[in-house]
Amino acid sequence: LYIQLVRPAAGASSTAKSTALATPPSTSPAPPPATTPGVTTPGATKTVPLTPSADATAESPTELLRKAIAAVQQKDYTTAAADLDKVKAINPEEQGLWSSYAFLASAKGSYLDAETDLQKELKLHPGSISLYGAIFGVQLQLAQRDEAMNTLRTWIAADPVNPGPPTQLISMLADKGDYAAAVSVGQAAAMRLPTDDPKKLENFRVTLG
């Protein structure tokens with residue numbers, strides 16, 4: 001295996017992928033089926049009440065999260081925080097809640113808070129692989145290079161066929177002058193190359209360099 005290591009320009013790797021929270025978190029669970037007040041729908045066991053209960057009139061967590069994200073994008077941070085607090089009151093473990101708090105914190109430049117919120121989201125929802133990229137980006141903003149490289153290693157373990165994390169880790173290790181570790185990461189990544197699709201295989205090799 002031949003791995004070409006190109007030392008990045010000064011400061012290059014410290015800013016790469018540092019805008020991970022520029023894209024708001026996705027919160028799109030399937031909406032509930034529509035019902036008509038006072039009408040028993042096919043298969044229903046009871047009639048929907050004409051006077052909705054408090055629960056029925058309350059905004060759903062999904063809608064509140066969408067409103068909060070839109071408010072952040074409009075720089076209305078007070079409204080965003082209020083909507084997120086409403087979701088937290090309903091369900092503090094709602095998927096997307098803490099990553100949305102992180103999105104708000106990042107927009108305000110509070111990267112330490114953003115990192116804390118992202119780590120909490122990941123702990124609650126470990127299957128959300130995209131969170132690693134967001135955590136990595138925030139850690140670069142905080143100049144936490146060692147922590148960022150550890151995040152890349154964890155990301156590689158969680159998403160082994162994604163060429164992005166090992167490529168970034170190789171770059172950061174080379175920038176640090178640790179070429180032996182960079183080669184080791186490249187060799188390990190090459191061992192995980194997908195073999196079922198020649199095009200994917202070639203793209204993976206090109207990405208790794």
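The values are calculated or read from the model by the stated rules, or taken from the named source; none is laboratory data. All figures in this text were calculated on a predicted structure; none of them were measured in a lab. In this analysis, Cβ positions are derived from the backbone assuming ideal geometry, glycine residues included, and neighbour counts consider all displayed protein chains. Remember, those area values only see protein heavy atoms, side chains included, never the ligands or the DNA or RNA. Shrake-Rupley method; radii C 1.70, N 1.55, O 1.52, S 1.80 Å.
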Practice problem: Any chance you could count how many residues in segment 55-111 are touching a Pro at 6+ places or on another chain (Cβ under 7 Å) and outside any helix (DSSP H, G or I)? | Solution: 3
Quiz item: If you check P126, P92, which single one turns out to be within 14 Å of the chain's Cα centre (by Cα) and open to solvent by 20 Å² or more (accessible area, probe 1.4 Å)?
Solution: P126
Quiz prompt | Residue in segment 151-185 that is surrounded by the fewest Cβ atoms within 10 Å (Cβ to Cβ), counting only those that are part of a helix (DSSP H, G or I) and either aromatic (F, W, Y) or at pLDDT below 90 (or both) | solution = Y179
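Tell me whether segment 114-130 contains one or more residues that are touching a Lys or Arg at 6+ places or on another chain (Cβ under 8 Å) and not aromatic (F, W, Y). Even if it seems obvious, please write down each step before you answer.
First, the residues of segment 114-130 that are touching a Lys or Arg at 6+ places or on another chain (Cβ under 8 Å): none.
No, segment 114-130 contains no residue that is touching a Lys or Arg at 6+ places or on another chain (Cβ under 8 Å) and not aromatic (F, W, Y).
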Self-check item: Evaluation of T62 against (1) within 22 Å of the chain's Cα centre (by Cα); (2) modelled with pLDDT of 95 or more (one fails), failing number
Solution: (2)
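Based on this model, can you work out whether E121 counts as of a type in the set (D, E), under 30 Å from A71 (Cβ atoms) and touching a Phe, Trp or Tyr at 6+ places or on another chain (Cβ under 7 Å)?
On the way: of a type in the set (D, E): yes; under 30 Å from A71 (Cβ atoms): yes; touching a Phe, Trp or Tyr at 6+ places or on another chain (Cβ under 7 Å): yes.
Criteria met by E121.
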Quiz item: Looking at S99, S106, which is the one that is touching a residue at least 60 places away in the same chain (Cβ under 8 Å), more than 30 Å from R192 (Cα to Cα), polar (S, T, N, Q) and open to solvent by less than 50 Å² (accessible area, probe 1.4 Å)?
Solution: S106
Quiz item: Do we find a residue being among the hydrophobic types (A, V, I, L, M, F, W, C), touching a residue at least 24 places away in the same chain (Cβ under 8 Å) and either in contact with a His (Cβ under 8 Å, 6 or more places away or on another chain) or closer than 26 Å to S60 by Cβ (or both) anywhere in segment 171-178?
Solution: no
Self-check item: Output for segment 115-165, where each listed residue is of a type in the set (K, R) and touching a residue at least 24 places away in the same chain (Cβ under 8 Å)
Solution: R145
Quiz item: Quick one: what pairs do we get from segment 69-85, first residue more than 13 Å from A105 (Cα to Cα), second of a type outside the set (K, R) and not in a helix (DSSP H, G or I), C-beta under 9 Å, 6+ apart or different chains?
Solution: A70/P24; A70/D76; D83/E59
